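Just below is one structure, and these are the notes that go with it.
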Amino acid sequence: PHCHDRRHLGRPAADGLGQLSDALIPPVSVELSDKRLTEFLAEEKNRKLFQFLVAAYLTTSEDTKIFLAAPSDAVALCIYGLTRALPVNTQESLTFTTYTNRPLDCPARIIGTVPEGEDQELPSSCHDGAGVATNYFTGTTTSIDLDVPCVEFAVHLMEAGNFSPLDDFRATWQRLGLKDVKL
């Protein structure tokens, strides 16, 4: 579903305040679905972004920020994939934004941004001190262990469009009453 139709020159504002220009209306995010996630993961660049997010989420402490320099729709799909891969009760403290222009000031754990400037690099403190980061545009990435077996398992299944084993894992996790994401 689309939030607005681009055939209109503007959008009605609140009761008689006039029209809002389409330029002032945020772009519509991509549809979040298993099918769309599978399509997204077919591209290596997208797969690397997603793998970084899941590995960082699982291997860093809850107070470590995860910076994703990428288009907001790519960040949204990665967060959707994260929520599909992990049991619901491990997401109770999950906070995120798909876009902010001030990543170092954002209180969320997962922070999507598009770096300003010609070099499109994140501030160095995103990699050293404030958290871990990956940059979809430049390839710059904080060195973390991406070869986490459960991450590879989840990425492989999602890339193949086979979500049943992940759903079974999530159901078993819930039945056992586990909560620690590090398990």
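The values are calculated or read from the model by the stated rules, or taken from the named source; none is laboratory data. Predicted model, so just to flag it, every value in this text is computed and none were measured. Note: ideal-geometry Cβ built from the backbone for every residue, glycine included; neighbour counts use all protein chains shown. Ligands, DNA and RNA are stripped out before the accessible areas are found, and what is left, the full protein with its side chains, is counted by its heavy atoms. Shrake-Rupley method; radii C 1.70, N 1.55, O 1.52, S 1.80 Å.
Give just the number: which of (1) more than 13 Å from the chain's Cα centre (by Cα); (2) closer than 28 Å to Thr172 by Cα does Gly129 not satisfy?
It fails just one condition, (2).
Quick check on the range 37-51: of everything there that is hydrophobic (A, V, I, L, M, F, W, C) and more than 10 Å from the chain's Cα centre (by Cα), which residue is most open to solvent (accessible area, probe 1.4 Å)?
Ala42
Restricting attention to the range 142-157, which residues are farther than 15 Å from Tyr57 by Cβ and either in contact with an Asp or Glu (Cβ under 8 Å, 6 or more places away or on another chain) or surrounded by 15 or more Cβ atoms within 10 Å (Cβ to Cβ) (or both)?
Listed by number, the list holds a single entry, Leu157.
Going through the range 58-69 one residue at a time, which ones are open to solvent by 10 Å² or more (accessible area, probe 1.4 Å) and either touching a strand residue (DSSP E or B) at 6+ places or on another chain (Cβ under 7 Å) or among the charged types (D, E, K, R) (or both)?
Those that are open to solvent by 10 Å² or more (accessible area, probe 1.4 Å) and either touching a strand residue (DSSP E or B) at 6+ places or on another chain (Cβ under 7 Å) or among the charged types (D, E, K, R) (or both): Thr60, Glu62, Asp63, Thr64, Lys65.
Out of the residues in the range 70-99 that are in a helix (DSSP H, G or I) and touching a strand residue (DSSP E or B) at 6+ places or on another chain (Cβ under 6 Å), which is surrounded by the fewest Cβ atoms within 10 Å (Cβ to Cβ)?
Initially, the range 70-99 is screened for residues in a helix (DSSP H, G or I), giving 72-85, 88-90.
Now narrow it down to the ones that are touching a strand residue (DSSP E or B) at 6+ places or on another chain (Cβ under 6 Å): 72, 75, 79.
On the way: Ser72: 19, Val75: 25, Ile79: 21.
Applying the filter and picking the extreme gives Ser72.
Taking only the range 104-128 into account, find how many residues are in contact with a helix residue (DSSP H, G or I) (Cβ under 9 Å, 6 or more places away or on another chain), under 16 Å from Asp63 (Cβ atoms) and buried (at least 17 other Cβ atoms within 10 Å of the Cβ).
So the count comes out to 4.
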